[in-house]
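Data first, discussion second: the structure below is written as structure tokens.
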Amino acid sequence: MRRISIEILKPGMKLSLPIRDENHNLLLNRNVALTERYIQRLKNLGFQSIYIADPDLLDITHEDMISNRTRSMATKHLNYTYREIENIIRNFKNESIEKITTNLRSKSVKKAFNNTDIHHITVKVVDNIIDDVVSCAVLTGLNPLKTHDNYTFNHSIEVAIVSIMIGKKLKLNARQLRELATGCLLHDVGKVFIPAHILNKPDKLSFYEFELVKEHPVLGYEMLRDYIPIMPTQIAYQHHERQDGSGYPRGLIGYNSIKRSSLKNQIAFYGEIVAIADVYDALISDRPYRTGLMHDRVLDIIKNCSHSHFNAEIVDKFLSIVPRYPVGSTCEITSGKYTGYHGVVVYLDENNLNIPKIRLLYDTNENRIKPINIDLQKECDTHVELVES
């Protein structure tokens with residue numbers, strides 16, 4: 001199994017993971033041979049990369065961190081939630097921010113939200129996600145395929161998974177994990193007020209467009225605060241706040257510590273966790289305006305933003321559970337005997353997450369070779385970096 005750009009897909013290649021739509025319904029199953037029609041359809045749907053089977057990597061599989069049943073339930077719940085919200089706000093979603101806020105506080109809108117079952121269903125979904133994730137020791141580092149149609153739902157689920165893993169490392173109890181995961185699933189709900197053409201814009205946002213996007217934490221908070229407990233609503237409100245006060249919407253600050261301070265204007269603890277998970281998943285994901293960044297590059301960005309943007313102590317916990325080189329990633333040897341060769345990460349030792357085993361498949365001239373397995377724990381002079389396939 002390896003992930004390759006959709007631009008180099010060829011008829012006859014076989015899928016190693018199934019393709020699903022925004023409702024998690026199956027479009028193409030694993031082991032399906034691609035045709036020109038399938039490839040064009042995948043491009044039209046917005047996929048930028050695909051996991052394909054490779055005859056020299058048949059022993060490499062990807063196990064999702066949550067079951068297919070749980071992911072399907074979570075996706076359908078989020079779809080239902082967003083549809084219910086869209087129905088409630090449809091008459092004022094295009095108004096000014098001030099008018100939207102006024103409408104969200106009106107008795108009629110509050111009554112409409114109270115008549116929904118959003119919180120009850122969210123709790124049920126959250127419990128299933130937590131049950132699946134608590135048995136995992138480390139993050140896989142492999143990201144589900146996203147398109148503009150399913151990005152919000154899949155992103156929310158992945159942010160929940162990553163945050164729960166961080167929460168486990170921080171020894172949060174069951175109640176805290178449930179609050180954390182609930183907030184994660186709904187952290188971007190304020191984006192229902194942002195036009196789709198802005199959220200999916202393939203170019204850089206204008207100043208006006210970015211200012212509009214920056215309103216989603218406030219709108220999400222205003223929408224949720226009367227219907228779910230306060231701690232999860234803080235996640236919707238604060239996941240874009242930064243340690244140095246440069247975030248939004250309130251410019252809150254952090255103290256780079258897991259221990260809480262009694263000082264005012266401090267970012268909520270859950271908000272600091274989700275800030276990391278949100279950026280991590282966003283950067284490794286394909287978007288309309290770019291392909292996902294290389295995983296090692298993303299971890300470097302998060303580490304470099306420790307102290308200034310992200311709580312440094314939480315970043316340390318995060319980096320201890322996420323592999324620098326996920327299984328299935330394409331890499332290039334940058335030093336040692338096989339410098340210039342390309343291969344795929346095939347194994348990770350949970351006790352040495354950043355020192356993988358590699359299977360070399362191409363020489364320095366990009367000619368296919370008989371596979372060569374190397375163990376970086378034994379090849380001390382060999383270093384790798386991830387590259388696009």
If you plug each phi of segment 23-31 into the Karplus form 6.51 cos²θ - 1.76 cosθ + 1.60 with θ = phi - 60°, what whole-Hz ³J(HN,Hα) values come out, in order, with x for Gly and Pro? 9, 6, 7, 6, 9, 9, 8, 4, 6
Tell me what the chain gives for mean residue ellipticity at 222 nm when only DSSP H runs of n ≥ 4 count, each as -39,500 (n - 2.57), the sum divided by the residue total, rounded to 500 deg cm²/dmol. -12500 deg cm²/dmol
For residue 117 and residue 86, extending 7 Å from Cα along the Cα-Cβ vector and measuring point to point gives, in nm, a value of 2.1
What FRET efficiency comes out for residue 362 versus residue 383 if R0 is 22 angstrom and r is the Cβ-Cβ distance? Round to the nearest 0.05. 0.80
Contour minus end-to-end for residue 370 and residue 63, with contour as 0.36 nm per residue of separation and end-to-end as the Cα-Cα distance? 107.9 nm
Run the numbers for residue 289 and residue 244: contour at 0.36 nm per residue of separation, minus the present Cα-Cα distance, in nm. 13.4 nm
Leading residue at positive end of dipole, the chain (Cβ point charges), from 182, 358, 254: 182
Going by the alpha-carbon gyration tensor, a ≥ b ≥ c the square roots of its eigenvalues, is segment 68-319 rounded (a/c under 1.5) or, if a/c is not under 1.5, prolate (a/b greater than b/c) versus oblate? rounded
Rounding to the nearest 10 and keeping the result within 0 to 90°, find how far the Cα-based axis of helix 36-45 lies from the longest principal axis of the chain. 30
Give, as a single signed number, the net charge of other residues whose beta carbon lies under 14 Å from the beta carbon of residue 59, with Lys and Arg counted +1 and Asp and Glu -1. 0
Could you compute the FRET efficiency for residue 41 and residue 8, with r as their C-beta to C-beta distance and R0 at 25 Å, rounded to 0.05? 0.90
Rounded to the nearest 0.05, FRET efficiency between residue 316 and residue 205 (Cβ-Cβ, R0 35 Å) equals 0.65
Using only the alpha-carbon atoms, how far is helix 174-185 inclined from the longest principal axis of the chain? Give it as 0 to 90 degrees, nearest 10. 90
Projecting the Cα atoms of 97, 335, 305 onto the charge dipole of the chain, where Lys and Arg contribute +1 and Asp and Glu -1 at Cβ, the residue farthest towards the positive end is 97
Taking the Cα centre as origin and putting +1 on Lys and Arg beta-carbons and -1 on Asp and Glu beta-carbons, what dipole magnitude results for the chain, to the nearest 20 debye? 880
Please report the antiparallel percentage of the DSSP beta bridges confined to the chain, to the nearest 5. 95
Length gained, residue 260-residue 349, 0.36 nm per residue minus C-alpha separation, equals 28.7 nm
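Throughout, read-outs are computed from the coordinates displayed, never taken from laboratory work. Owing to the predicted nature of the structure, the values given are computational and were not obtained by experimental measurement. Every residue, glycine as well, gets a Cβ built from its backbone with ideal geometry; the counts of neighbours run over all protein chains shown.
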